[in-house]
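To start, the structure itself, in structure tokens.
The values are calculated or read from the model by the stated rules, or taken from the named source; none is laboratory data. Note that the structure is predicted; figures quoted are calculated from it, not measured. Cβ placement follows ideal geometry from the backbone for every residue including glycine, while neighbour counts extend to all protein chains displayed.
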Ligand SMILES: [Zn+2]
């Protein structure tokens, strides 16, 4: 009987160890995923995007007045446009 109980105990201990290992592994994976979201500089990706947006110059379209990032602007002379249609419309109006 004592031998049977010790086998049951070994079984339960093994099961507990297996469960605990899985739990720790999941926690480690979650922590690694969380760290992976951070960039190499240690800056959160959201912060980097926010700073990129801060650095981006916002300009108004010379035709419709819509404000948009300067990197997407279509220029003609010193005037900036949001799309080719507005650039062409302004050309035909002038
Ligand atoms: Zn426009």
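Overview of values
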{"read-out": "Subset of the stretch 54-74 [near the ligand (Cβ under 9 Å from one of its atoms) and part of a loop (DSSP other than H, G, I, E, B)]", "value": "61, 62, 63, 64, 65, 66"}
{"read-out": "Restricting the stretch 75-94 to residues that are loosely packed, with under 10 Cβ neighbours inside 10 Å and either within 11 Å of the ligand (Cβ to nearest atom) or assigned to a loop (DSSP other than H, G, I, E, B) (or both), the residue that is modelled with the highest pLDDT", "value": "84"}
{"read-out": "Residue list for the stretch 71-94, restricted to those being touching a helix residue (DSSP H, G or I) at 6+ places or on another chain (Cβ under 8 Å) and within 14 Å of residue 58 (Cα to Cα)", "value": "74, 79, 80, 81, 82"}
